[in-house]
Amino acid sequence: MRSFLNKDADCVAVAETVARRDRVGFMELYFIVVIQRGRDSTLRILRGGFFPIALGDDENRTGLGELDGGAKTGHTRSDYKKVRFQSRWVWIQVHMVQRKVMATFSVRTPAHQYDCVVARGCVAQLADRIPDKSGNVFVVTTEDVWDLHGRKIEQSLGSRSFHALFFPGGEERKRMVEVEILAEQMVELGADRSSIVVSFGGGIVGDLAGFLAAIFMRGISVIQVPTTLLAQVDAAIGGKTGANLVSGKNLIGAFHQPLAVLIDPDLLTTLTPREYRAGLYEVVKCGIIRSPRLFGIMHNQPHQVLARDPATVEEIVAQSVRIKAEVVTADEKESGLRRILNFGHTLGHALEAETRYAHLLHGEAVAFGMRAATHLGWSLGTCPEPDARAILESIGAYGKIPPLTHIRAENLVARLGSDKKTIQGKVHFVLPKHIGETEIRSGIDGAAILAATGQALAELA
Ligand SMILES: NC(=O)c1ccc[n+]([C@@H]2O[C@H](COP(=O)([O-])OP(=O)(O)OC[C@H]3O[C@@H](n4cnc5c(N)ncnc54)[C@H](O)[C@@H]3O)[C@@H](O)[C@H]2O)c1
Ligand SMILES: [Zn+2]
């Protein structure tokens, strides 16, 4: 089967028996057309078409020509076709099976290029992603994640020895001192410049383990294996690493691109509903800033999304990863396009700071910030009313965030000047233009910001 499923064998006519459909395995984003003979579960390959398809908004451009029904992730479709078979025309039932076993998105920066793999079960690839020349492997994780999913890492690494290093977790522990503690443990365990860090956890572990790798012996490799939705669609991609200072979040850090990012949506089944929903707001954000198609899924199918339907989760994660990978590729260090990822973050960060990082999860604060930015765009005329309403509805579809009755709009607006994203004292807002596109504005009238903030607060009261 493997040899047949070879990219070089483009559109070949083959008659090869496959035992069962579920054995049609390991195709990376390729279609295969099979004929089913009556009730016989045996499948016979009529024609294999090998088309790399982008899991993006333009995915309909590829497919199998006449058979292409605009397949979607996990889509299986059958149709009747008249084909010539042994000199006779016969009607056959044709199944178009799109087995997206693995979607891979590439991040390219001037100095690095790496894969972000999105696939259920892809933790199993970890061993293959560690270069042969690597020395000791250090898996940085938290106890909760290790208890739930550590076995998958152990299974992947097999006989290869590794050290699991435990970090206590929590935003208040995302500090330099913890990086030092981990680095000391590594030295004691014989780490050297050839050692490799595997980050296995949510965004906090990812940021901290990435930072550890960035500065340990002036930089060693890291593979990111994110385990929360927020980390899978955002934090693990793009090479931003860091820790908090007493005076502010993420005020110390480095850009350190990983060797690879392995994104396994199956890991998300154990997330608490609140953590999962917090990540969903970042997915909604990706749709708003860059993809009407992703926005459409989030807007129209909240039930499947909230029920964690596996194919839907895989699709929304993959599309978000594609967007983040594209944006980071275009602008590694956030001087241009990458700033669109901050949609909802200007006032979101202000709210996180105002609530001392204790009341809300990051994604929840972003949900608030997106509401405020949408009201602002609507009032300034950058965003038409139907789009603004659709955005507000989509954010609302993912549940309530903790009450904000004690928060005053004036206090949030007063915090804007001290945001890390402020450039030379100017507050920049990412405003929606319509679904899929944003614009960046600075110098916005304070009264308009205050009014939009007040509206967002009132909606969430
Ligand atoms: N580097 C970046 O570009 C970037 C972008 C966005 C956010 N961040 C950072 O990410 C951090 C937030 O990350 P987060 O939201 O993932 O929080 P987190 O890392 O604290 O994880 C949330 C909780 O879920 C637990 N958990 C993780 N995986 C789990 C799983 N599969 N099942 C059950 N429980 C699991 C964690 O142990 C933790 O208790 C912040 O510090 C933020 O600054 C970084
Ligand atoms: Zn964010």
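Scanning the range 299-338 for residues that are under 25 Å from Phe255 (Cβ atoms) and either in contact with a strand residue (DSSP E or B) (Cβ under 6 Å, 6 or more places away or on another chain) or among the β-branched types (Val, Ile, Thr) (or both) gives Val317, Ala318, Val321, Arg322, Ile323, Ala325, Val327, Val328, Thr329.
Taking every residue in the range 144-159 that is assigned by TED's automatic domain parsing to the domain that holds Ala124 and pairing it with any residue that is assigned to a helix (DSSP H, G or I), at least 6 positions away or on another chain, the pairs with Cβ-Cβ distances below 6 Å are Leu148/Thr270; His149/Leu267; Lys152/Val123; Ser156/Val123; Ser156/Ala124; Ser156/Leu126; Ser156/Ala127; Leu157/Ala127. Scanning the range 115-143 for residues being surrounded by fewer than 16 Cβ atoms within 10 Å (Cβ to Cβ), touching a residue at least 60 places away in the same chain (Cβ under 8 Å) and of a type in the set (D, E, K, R) gives a total of 1. Yes or no: the range 360-373 includes at least one residue that is outside any helix (DSSP H, G or I), surrounded by fewer than 24 Cβ atoms within 10 Å (Cβ to Cβ) and within 16 Å of ligand 1 (Cβ to nearest atom). Yes, the range 360-373 contains at least one residue that is outside any helix (DSSP H, G or I), surrounded by fewer than 24 Cβ atoms within 10 Å (Cβ to Cβ) and within 16 Å of ligand 1 (Cβ to nearest atom).
Yes or no: Leu268 more than 16 Å from Gly363 (Cα to Cα), touching a Ser or Thr at 6+ places or on another chain (Cβ under 8 Å) and surrounded by fewer than 24 Cβ atoms within 10 Å (Cβ to Cβ)? Answer is no for this residue.
May I ask you to list the residues in the range 374-410 that are within 16 Å of ligand 1 (Cβ to nearest atom) and either within 20 Å of Val430 (Cα to Cα) or of a type in the set (Val, Ile, Thr) (or both)? Ile401 - this is the single residue of the range 374-410 that is within 16 Å of ligand 1 (Cβ to nearest atom) and either within 20 Å of Val430 (Cα to Cα) or of a type in the set (Val, Ile, Thr) (or both). A single entry from Ile395, Ile297, Ile407, Ile391 fulfils the requirement of being within 16 Å of ligand 2 (Cβ to nearest atom) and buried (at least 17 other Cβ atoms within 10 Å of the Cβ): Ile395. Filter the range 201-248 for residues that are surrounded by fewer than 24 Cβ atoms within 10 Å (Cβ to Cβ), more than 16 Å from ligand 2 (Cβ to nearest atom) and assigned to a strand (DSSP E or B) and give the result. Within the range 201-248, Ser221, Ala243, Leu245 meet the criteria.
Residue-level check: of (1) part of a strand (DSSP E or B); (2) over 18 Å from the mean Cα position of the chain (by Cα), Val179 misses just (1). Looking at the range 80-173, the strands (runs of 3 or more DSSP E) lying wholly inside it that each contain 2 or more residues that are at pLDDT below 90 sit at 88-99. Considered as a group, the residues in the range 301-358 that are free of Cβ contacts under 8 Å to residues at least 40 places away in the same chain, among the small types (Gly, Ala, Ser) and in a helix (DSSP H, G or I) include one that is nearest to ligand 1 (Cβ to nearest atom), and that residue is Gly348. Taking the listed residues Val198, Val177, Val187, the one that is under 20 Å from His256 (Cα atoms) and either surrounded by fewer than 15 Cβ atoms within 10 Å (Cβ to Cβ) or modelled with pLDDT under 95 (or both) is Val177, with no other qualifying.
The values are calculated or read from the model by the stated rules, or taken from the named source; none is laboratory data. Here the structure is a predicted model, which means the values were calculated and not measured. Quick reminder, even Gly has a Cβ in these numbers, built from the backbone with ideal geometry, and neighbours come from all protein chains shown.
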